[in-house]
Each structure stands twice: as structure tokens, then as C-alpha cells.
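What follows is a short report on a single structure.
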């Protein structure tokens, strides 16, 4: 495989992995994750048919990923998984579940914006809004993918946090990390705001703000203390 081909595969694998499916895992793990994502996809297509159900879907995802994740780590439930399943098997189970949650995190916003569109009346030409949304999406996506390529998919899936040990290579300070302390949570989340504005959704902007604020809450309550303790910063 040439270097160019390898780089393209790395980018594709990173984008797909960020969406919930890690292509660098065993065939069994890939199949299990893909199967669960497909179930979630078709279930939500059938269950989310109006604005109320779309709101419930967003709230459920928030409870699982943001609120639930904080409780998961603050209660040290990952340590209990280590003890009951063994560290390697526990990590595999956690990674599969987190992959499905990652899918739902993005998919719930898509469905939400479909049901909460045109509530934001901006005195701006649609072409300007479209260009703004597209640029925001591109800048946000490139920053997030670039950041993930630098730290690796294991860090994206919180392997160091889950295993309660420092990851390989230590803290990254190059690329977007030379400008921002946490580019994934900052610039990397701007695409949701752009999508909400393009959809004309005031409710979508509120969801984007709540999701971003919640991930920073997770960072402050869980990740930052871990980084200071394990990486001695």
C-alpha cells in the first residue's frame, strides 16, 4: 500500500470511526457494532415521526452520553467493568456501546432539525446562510478529523480514561492543539450550529449549545482531573 493510499484509508477510517464504527477492529466487533447501529437507525426512523418524539430522542441521547457518561466515570463504573469482565473484554464492550452512542449523537441532531426547521427568521439571504453553513461544516469537520488523526482513535474513544492509564505518546501539542487546548470540543462542534442556522432552527441552536456545554462539563468534571493526575500537567 502506497503512502498516499494509506493516508486516504486513515482519513476514511477516522471519519467512519468518529461516526461510531471502528474499521481497525476485529471482524466480530465491527459486525456487532454495525448491527447495533443499523437497529438504532431503523428504530429511530420508525419511532421518531414528529417534533415531540424528536425532542425525546435528543433528551435520551443527552442522558446516555453526557449525563450518563459523567455518572459512569464519577461512580468508577469502568473499574467495576474491569473487575467483572477483565480489562480487555471490558474495553471491547465499552467501545462497541460508545460507538453506537456516537452514531445516535449525530443522528438525533439530524432528525431533530428535520422536525424543528424554519423557526429562526433571519433577515439574511439564503445563499449567505448556505455558504456560512457549508464553511462552518468544513472548518469544523477538518479540525475534528485532523485532531483525531493526531491523538488517535483510542483517545477519541476515551481508552486512556477508561483504562485509567496514560495513552501512548502523551499529550499532543501540535496541529490544532498548538492553538486550542481542546479543538474537538470547541471548533469541532461548530458544524452543529451551522446546520441549525442553515435549517433555520432556533431549537437546533439551543441543542447545539446544550450538547457543547455538556461536553465541556464532562471535560471539567472527568477528563481534566484525569489529565492532571495521569499526565502530571
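No value in this document is a laboratory result; all are computed from the given coordinates. A quick note: this is a predicted structure, and the numbers were derived from the prediction, not measured. As a convention, Cβ positions derive from the backbone with ideal geometry for all residues, glycine included, and neighbour counts pool all protein chains shown.
Full-extension gain between residue 51 and residue 16, please, as 0.36 nm times their residue separation minus the C-alpha to C-alpha distance. Mind dumping the intermediate values first?
Numbers: separation 35, 0.36 × 35 = 12.60 nm, distance 2.82 nm.
Difference between extended and current length: 9.8 nm.
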Gyration tensor on Cα atoms of segment 1-118, a ≥ b ≥ c root eigenvalues, a/c under 1.5 rounded, else prolate if a/b beats b/c, else oblate, says oblate
Rounded to the nearest 10 degrees, what's the angle between the helix 202-218 long axis and the longest principal axis of the chain, both from Cα atoms, 0 to 90? 20
How many nm separate the modelled label positions at residue 38 and residue 132, each set 7 Å beyond the Cα in the direction of the Cβ? 4.1
Measuring from the longest principal axis of the C-alpha atoms of the chain, the long axis of helix 87-115 (C-alpha) lies at a number of degrees, nearest 10, equal to 0
Mind jotting down a quarter of the surface of the convex hull over the alpha carbons of the chain, in square nanometres, one decimal? 14.3
Counting each DSSP H run of 4 or more residues in the chain as -39500 (n - 2.57), what helix-only mean residue ellipticity at 222 nm follows after dividing by all residues, to the nearest 500 deg cm²/dmol? -22000 deg cm²/dmol
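Specify whether the C-alpha gyration tensor of segment 55-138 places it in the rounded, prolate or oblate class, a ≥ b ≥ c being the square roots of the eigenvalues: rounded for a/c under 1.5, otherwise prolate if a/b is larger than b/c and oblate if not. Mind dumping the intermediate values first?
Details: a/c = 3.68, a/b = 2.73, b/c = 1.35.
Prolate shape, in that a/c is at least 1.5 and a/b is the bigger ratio.
Provide 134, 148 in ascending order of the number of other Cβ atoms located within 10 Å of each residue's Cβ, fewest first. Before the final figure, lay out the partial values.
Values: 134 12, 148 20.
Result, fewest neighbours first: 134, 148.
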0 to 90° range, to nearest 10: angle between helix 3-18 axis and the chain longest Cα axis: 70
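Multiply the residue gap between residue 181 and residue 64 by 0.36 nm, knock off their C-alpha separation, and tell me the result in nm, one decimal place.
Values: separation 117, 0.36 × 117 = 42.12 nm, distance 2.55 nm.
Extra length available between residue 181 and residue 64 comes to 39.6 nm.
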Classify segment 14-81 as rounded, prolate or oblate from the Cα gyration tensor: take a ≥ b ≥ c as the square roots of its eigenvalues, call it rounded if a/c is under 1.5, otherwise prolate when a/b beats b/c and oblate if not. oblate
